[in-house]
Amino acid sequence: MAIVTSLLFLIAIVLQTVESKYMEYDTSAEIVPGKLNVHLVAHSHDDVGWLKTVDQYYVGTNGTIQAACVQDILDSLIPALLADKNRKFIYVEQAFFQRWWRQQSQAIQSITKQFISSGQLEFINGGMCMHDEAAPHYIDMIDQTTLGHRFIKQEFDLAPRIGWQIDPFGHSAVQAYLLGAEVGFDSLFFGRIDYQDRAKRYVDKSLEVVWQGSKSLGSSAQIFAGAFPSNYEPPSGFYYEVNDGSRDIRIVQDDIDLFDYNVQKQVDDFVAAALAQANITRTNHIMWTMGTDFQYQYATTWFRNMDKLIHYVNQDGRINALYSTPSIYTDAKHAANEYWPLKTDDYFPYADRVNAYWTGYFTSRPGLKGYVRVMSAYYLAARQLEFFIGRSKTKSATDSLADALAIAQHHDAVSGTSKQHVANDYSKRLYIGYKEAKEVVAASFARLTESAPRSGYKALATEFQECPLLNISYCPATEVNISHGKKLTVVVYNPLGWKREDIVKIPVISDNVIVQDSTGKEVESQFVPLVNTALRLRNYYAAAYVGESPSVTPKYWLAFKATVPPLGFNTYTITSSKGTSRLAKKKPYKLIGSQNETVEVGPGALKLVYSADGGLSQYINKETLVNETIKQSYKFYSSYDGSQDHEYFQASGAYVFRPNGTYPVLEKKKISLNVYRGPLYDEVHQRINSWIYQITRVYKDKDHAEFEFTVGPIPIDDGIGKEVATQISTTLKTNKIFYTDSSGRDFMKRVRDYRADWTIKVDQPIAGNYYPINLGIYSKDDNNELSILVDRSVGGSSIEDGQLELMLHRRLLHDDSRGVAEALNETVCALDECYGLTVQGKYYARIDPLGGGAAKWRRSYGQELYSPLLLAFAEQDGNKGIDLQKPIFSGFESSYSLPENVALITLQELEDEKVLLRLAHLYEVGEDKDLSVKATVELKNLFQGRQISDVKEMSLSGNQERDEMLKNRLVWKVEGSKDGNVGISRGSPLDSEELVVELYPMEIRTFLVDLDHREEPGIAVK
Ligand SMILES: [Zn+2]
């Protein structure tokens, strides 16, 4: 009662003294020709995991870390957009949108659909996340974009028009031409480019360019690209998140009866900020990004203030302000009919100020980066195997892995820049996805080998085991007693479209076994003992990662050569050797201990020579006649702690690489060698120091050296973080030039201490010359070419002529003050002890005569590295258990194989039984004299036993027909350019009768294929 009385009293006072009333704001402004147009783009940048996990961000938990709740953002948009039909908003991250969408009522879904059809709400970018551009492989970028785009197509019948990579820390050429132009985007916007580059672009008004990312596809795959003047926030003073206590929010106060009326000041500030931006921008259109990280949790505050700004600024009349979107902005830029500067190459590396090169994250969290790569390859293979047996109508067994992989491409996920608990969440999702996918892999093997009656395959499917920890020699399926009568069957699956020979290695407990092929013929095999270092790592990490304490200890690696048909498998049987072996050697290996002479290793044409001090000294190939002095070593950079900084604190951290010194890793003058020789390959074991172990392999049939490194725990008891690199030095006169891949695809020319677009002031001669590597790095001189390929994304460079280096691992003690607020000090706990993370991986090096097989190796072997053979194991006891009726299989028509310059990068059955197929030409124009040419693929031969009833060529993300995409594409004018299409070739449209796909260098073509119905129903997987 008392409350009511006082309320009445208050209302009475208000009625008596206040003249203000409801105010209607005119927000209907559209583009006004002849005036400066300020496009207000309302947006929220929602990281798909960073300081909190993706689900914590969505539901809003863990608020003490960050007060961010994405469902509040999407919920609060509904009334805010309903309140005024002129208000507009863009939404980007489909991982969040899909979470929200599933939870909405029909009514809210229908309102949302109206917003989308009226243009009030627009999907931008449209992938599951805003992927990073340094650490993800292009196949993962395509997959995660496809996943988001297919949802938008199915649910709203739309294709996003605009690329929106506003936060990733540098920008790759592949993003521009492949994930931009080839998915049908008309423009691409981003926030982060080098500060020196940006300063120069202010002067010549070249923040906005036409970007041609691929020299092979040239102007046929170019895109309008805009870097923002500073970041993706509004100009200073126009920020309106009401609950953000960290900033001073200057509300537009237009009620004359209240204190602090500020309309004229706000209008003047707005006009001044707009004119300043117009000064560095071509045409009379500028964009203001009205939002930042996790904004619009109470959307009305932002819109109320923007309503007022639009109203009063337009009343003022000096300039025109309007609610806009990047699509409207892009169309306005296009309509201006301006000529734009041409940008080729990319925007790496990125520095945001002096001494702050964001080149550390190229390597940060190498374990996660490795896991993402392994799962990416597994996903590609699992989708193929699922296609062979038909997917379930309701849910694909690979859906969870698809989701987990998509989220893992986020620019704080595989980049290694999230908090530790979030990195754990990404790994957990990948593991859950893997566990589901491996069921369909096992079921597919059971069905395809006809190891069981068709009605019973499901029960037997579990007979096929896999060994996800094979890299650390943990494989319970092979560590079994193969006594008389028992057999171990190994299914070796090849996801590539060409026949393949490779060495398979599995741990075994005895050397009394032999390997037979599917005809019963013994194949050549080799044993190498498992050393104690490997066993210790195995036992600790098996406990840490799968919670298992191995009960048996394998004694050897058993290696044998497998020959596998394209897109298919072969099977091998391991049995007891007693009395049957023709090939098994009496001694399983030959060991040469430490010695004082040079040692030559390699059973084939390639020989590595080690000098008496244990160091690699010579690389000799007796066939190609290369004979090159070579050194291979490890070093570490001590991480700068920021303590001497005055103006800007800058420690080395998860993002930034800031070395404070370079130190060789060498504790002794001499590194002893253990050499294990065998018929298939030789191994050189070296303990480099107490925390680096290296195995170098030289294969009989391979012309490269394989380096397997085990690095860690990196010691930090001296209080200094360390960033560990390996290097190969030769006498090649490389004249500062080297090449690194763009997202695993085109190779970009890099010149040390040089940028093509501006004159660089070098303050960090090492960190400023680091580049992201997904496939490889190489350099050359007039005689030879030195190439290195990698097994995951890493940072690398050529710091001196003739030298190439890779950063393999980082352990840091300071945060680099870019938001993650955690030192990158990865620690693993198991068996009651915690240690710094140990990372094991491989890289591969080769020297060719110039113009020899280097490009072919980088492309073909690079594809084999991306898609390793997938192994599954089944134990058979006498006549019981599985009996493989079909030990060899190929998904292609018999004897068909893809040309060696083409890879099958997607073969996936979709919900509607259509098949998504992607074929990629692997070579650039001019890269190889024989293989940088047109390739043809006969589609009819790709689907064994099935007829194609219809094929449509699609955009890269499969969300629109390619013809449609090309018809709608905006064409941009380029300054000083005559005809950028000279010498650029594209495959002709597919003839529906012939069904032969033509692919020219670097083309990726995407098809939606209808096949006749299969005889058997698809497999049901829980
Ligand atoms: Zn972000």
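A few points about this structure:
- Contour minus Cα-Cα distance for Arg755 and Val933 (0.36 nm per residue): 61.0 nm
- Spatially proximal aspartates and glutamates relative to Lys308 (Cα-Cα < 15 Å; intrachain offsets below 8 disregarded): Glu24, Asp26, Asp84, Asp254, Asp255, Asp268, Asp269, Asp316
- Computed over the alpha-carbon pairs of the stretch 716-785, the distance histogram in 10 Å steps reads 16, 41, 32, 10, 1 percent, short to long.
- Sites Leu258 and Lys85 - FRET efficiency at Förster radius 25 Å, r taken between beta-carbons, to 0.05: 0.35
- Listed residues Gly245, Phe259, Asn279: farthest to the positive end of the dipole of the stretch 201-291 (Cβ charges): Asn279
- For the chain, complete DSSP H runs whose alpha carbons reach 30 Å or more along their own long axis and whose mean Kyte-Doolittle score is 0.0 or higher are 366-389.
- Disulfide-incompatible cysteines by the Cβ rule (no partner under 4.7 Å) in the chain: Cys69, Cys129
- Other-chain or far-sequence residues with amide H under 5 Å of Lys343's (modelled H): Val210, Trp211, Gln212
- For the stretch 502-574: relative contact order, % (alpha-carbon pairs under 8 angstrom, 6 or more apart): 52
- Net charge dipole size for the chain [Lys, Arg +1 and Asp, Glu -1 on Cβ; Debye, nearest 20]: 2720
- Per-residue 3J(HN,Hα) values for the stretch 699-715, derived from phi via the Karplus relation 6.51 cos²θ - 1.76 cosθ + 1.60 with θ = phi - 60°, read 8, 4, 10, 10, 9, 9, 9, 10, 10, 9, 10, 10, 10, x, x, 5, x Hz in sequence order (x marks Gly and Pro).
- Taking the Cα centre of the stretch 297-376 as origin and assigning +1 to Lys and Arg Cβ atoms and -1 to Asp and Glu Cβ atoms, the resulting dipole is close to 360 debye.
- Kirkwood radius, the stretch 115-173, all distinct C-alpha pairs, inverse of mean reciprocal distance: 12.3 Å.
- The stretch 504-551: equivalent-ellipsoid semi-axes (sqrt of 5 x gyration tensor eigenvalues, Cα, Å): 29, 13, 8
- Placing unit charges on the Cβ atoms of the charged side chains and taking the dipole of the stretch 780-898 about its Cα centre, the candidate lying farthest along the positive direction among Ala823, Gln885, Leu804 is Gln885.
- Take each peptide in 540-549, 282-291, count the other Cβ atoms within 10 Å of every residue, and average; sorted highest first, the result is 282-291, 540-549.
- Extension reserve of the Ile249-Arg318 stretch, reckoned as 0.36 nm per residue once the Cα distance is removed: 22.4 nm
- Using every pair of distinct Cα positions in the stretch 285-359, the Kirkwood expression returns a hydrodynamic radius of 16.2 angstrom.
- Angstrom value of the Kirkwood radius, inverse mean 1/r, which spans all Cα pairs in the chain: 30.5
- Within the straight-line cut-off of under 16 Å between alpha carbons, the lysines reachable from Lys438 are Lys395, Lys428, Lys458, Lys1022, sequence neighbours fewer than 8 places apart in one chain being disregarded.
- Furthest towards positive pole of dipole, Phe747, Tyr770, Thr759, structure part the stretch 701-815, Cβ charges: Thr759
- Average silhouette area of the stretch 604-753, convex hull of alpha-carbon atoms, in square nanometres: 12.2
- For Met23 and Ser230, a Förster radius of 51 Å and the Cβ-Cβ distance give a FRET efficiency of 0.95, rounded to the nearest 0.05.
- Close amide-amide hydrogen proximity is noted between Gly170 and Arg192, each under 5 Å apart and 5 or more residues distant or on a separate chain (H modeled in the peptide plane; Pro and chain starts excluded).
- Max-minus-min Cα coordinates of the stretch 197-315 on each principal axis give 64, 29, 23 Å, with the largest extent listed first.
- Tally of Lys pairs whose C-alpha atoms are under 25 Å apart, taken over the stretch 863-1006, 8 or more apart or cross-chain: 9
- Rounded to the nearest 20, the size of the Cβ-charge dipole of the stretch 396-449 about its Cα centre is 160 debye, with Lys and Arg at +1 and Asp and Glu at -1.
- Convex hull volume of the C-alpha atoms in the stretch 733-848, normalised per residue: 146 Å³.
- Theoretical FRET efficiency, 1/(1+(r/R0)^6), r = Cβ-Cβ of Ser483 and Cys829, R0 35 Å, to 0.05: 0.35
- Environment charge of Ala823, counting only residues whose C-beta is closer than 12 Å and scoring Lys/Arg +1, Asp/Glu -1: -2
- Projected over every direction and averaged, the convex hull enclosing the alpha-carbon atoms of the stretch 317-430 yields 14.1 nm².
- HN-Hα J in Hz across the stretch 474-488 - Karplus 6.51, -1.76, 1.60, θ = phi - 60°, x for Gly and Pro: 10, 8, x, 5, 9, 8, 10, 7, 9, 8, 4, x, 8, 9, 10
- Estimated at 0.36 nm per residue, the fully extended path between Val242 and Thr394 surpasses their Cα-Cα distance by 50.4 nm.
- Once backbone amide H atoms are built at 1.01 Å from N, His45 has Thr292, Asp293, Phe294, Gln295 as its partners under 5 Å, excluding neighbours fewer than 5 places away on the same chain.
- Karplus 3J(HN,Hα) series, Hz, for the stretch 886-898 with 6.51 cos²θ - 1.76 cosθ + 1.60 (x for Gly, Pro): 10, x, 10, 8, 9, x, 8, 4, 4, 6, 7, 8, 6
Every number here is computed from the coordinates shown, using simple stated rules; none is lab data. As the structure is a computational prediction, the values presented were derived from the model and not from experiment. All Cβ positions, glycine included, derive from the backbone under ideal geometry; neighbour counts span all protein chains shown.
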